[in-house]
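These notes are about the structure you will find just below.
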Amino acid sequence: MSGFDQGSSSDVLDVHERARFEQLVLPHLDAACNLARWLLRSREDSEDVAQEAMLRAYRFFRGFHGGDARAWVLQIVRNTCYTWLEKNRPVELMTEFDEELHPQQGASPESLAIAGDNRERLRRALETLPPRFREVLVLRELEGCSYKEIAAITAIPIGTVMSALARARQRLQRALTQAPAQEASREL
Amino acid sequence: MSCDYARTALHGYLDGELDAARSAEFERHLENCRECTNTLAEQESLRSSLQRSGLYEQAPLSLRKTIRAELERGTSSPAKRWIPDWRWITAAASIVVVATIAWYAWPRPGTGAGTAAAPFTAAEMIDAHIRSLQPGHLTDIASTDQHTVKPWFNGKLDFAPPVKDFADEGFPLVGGRLDVLAGRNVGVLVYARRKHIINVFVLPTKEPDTPIHPPGLRQGYQWFHWRRQGMEYCAVSDVSLADLHELAQLIYQ
């Protein structure tokens, strides 16, 4: 794990620390929910996981000594998401690069057809990407994170953020322009 | 895709993450590379669709509430933590009497012209704050601006609390109220900070000015106390400490 020292956990913070937590970390609840929603591809699950991550952040808050609070909390959110995925959908992580063969639960064949609706198309395309590509895109394009922040959150070396984004964007573009079946057979 | 630039530097350029030299280098390359020109245009349009798509998922209000409630449970109870300290302070106060503990906790108020000591304790002040939050108890006079609140105190108190609206700084004056603390009439200025209420208790004192004392806390409420120009102030709220301190400083100036 790179980036931040999550510090030691303590179950109970006093009122001052809570005030500081509310001031520094709670404003990033939207960011936490957004990242969790895109990593888990499910709104309900993401709310549970975002909540769990926020409470973990709260327990680890003594280990946060200032700096980029958003990146700090998003790192915890991401870790919590991956732990959740390992436990609840291990197949998804193991077969990361086969994902395009198995459009996720809830994605009916009709919805994968290129719809007129741009938003829906984008959502589907983004969801077909492997989590490691999906997360850099979400962090960069939706969350507006810098490369430095992305590196800290995802624990990838800063020098590879650019190429990770390049690949993720290529994949997204292909997912948008090609039928999923063709995509899978060609890419793999 | 054959051009190496299109696979790497183009993205750094798109994201504004190239340093000046590499950025200039890429721009020179762009002049001669049709592939990169096209890719850049495509990527820019993809980015703008992503950003305009409304795909950002915000936290629902219910989750916000749940988390706050959870934090509440995970926070050490200030009442519990404070009881021993407070007892100690009370005991010390009865022995030491004078204001040596003023720095530490709620100082003894200026007792006015020879009145017997009328210590108004943190407990009394927090009670008054909580009471004010009950429906219909917050203000006696609602504020349209400081000019409606200031004259309202005239004749109701034997002093004129300084009234200022800090709406521009994010602390709108909600109104004013009379309160009685330890048998003394006290003027209260009510400010809002987002959804939080801040009560500023004001009463005259003959004690010298002090800086804003370190914060106190009890039952989850925090306060700042100071004396300035013959007035004793105490700002109390459940708002964040930083916000409360900001208001204290605004009033102090």
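The values are calculated or read from the model by the stated rules, or taken from the named source; none is laboratory data. It should be emphasised that the depicted structure is a prediction, and the values quoted were computed from it without experimental measurement. Here Cβ is always computed from backbone atoms with ideal geometry, including for glycine, and neighbour counts include all displayed protein chains.
A few notes on this one:
- Residue count for the range B:211-253, restricted to those that are without any contact (Cβ under 8 Å) to a residue 12 or more places away in the chain, over 25 Å from B:Ala69 (Cα atoms) and surrounded by 16 or more Cβ atoms within 10 Å (Cβ to Cβ): 0.
- Count of the range B:107-155 residues which are at pLDDT 75 or above and of a type in the set (Phe, Trp, Tyr): 2
- Among the conditions (1) farther than 25 Å from B:Asp158 by Cα; (2) surrounded by fewer than 17 Cβ atoms within 10 Å (Cβ to Cβ), the only one that B:Pro208 does not satisfy is (1).
- Qualifying residue in the range B:14-37 (condition: part of a helix (DSSP H, G or I), modelled with pLDDT of 90 or more and within 11 Å of chain A (Cβ to nearest Cβ)): yes
- Candidate set from the range B:1-53 (those that are touching a residue at least 24 places away in the same chain (Cβ under 8 Å) and acidic (Asp, Glu)); member that is surrounded by the most Cβ atoms within 10 Å (Cβ to Cβ): B:Glu35
- B:Val200 being out of contact with any helix residue (DSSP H, G or I) (no Cβ under 6 Å at 6 or more places or on another chain), surrounded by 19 or more Cβ atoms within 10 Å (Cβ to Cβ), at negative phi and aliphatic (A, V, I, L, M): yes
- Hits in the range A:44-78 - residues which are charged (D, E, K, R) and more than 14 Å from every other protein chain (Cβ to nearest Cβ): A:Asp68, A:Arg78
- Looking at A:Ala164, A:Ala155, just one residue is at pLDDT 90 or above and crowded, with 22+ Cβ neighbours inside 10 Å, and that residue is A:Ala164.
- Of A:Arg89, A:Arg43, A:Arg56, A:Arg62, all but one fail to be surrounded by fewer than 19 Cβ atoms within 10 Å (Cβ to Cβ) and in contact with a Lys or Arg (Cβ under 7 Å, 6 or more places away or on another chain); the exception is A:Arg43.
- All conditions in (1) within 10 Å of chain B (Cβ to nearest Cβ); (2) at pLDDT 90 or above hold for A:Cys81, with the sole exception of (1).
- Residue within the range B:212-221 that is under 18 Å from B:Ser132 (Cβ atoms) and in contact with a Leu (Cβ under 7 Å, 6 or more places away or on another chain) present: no
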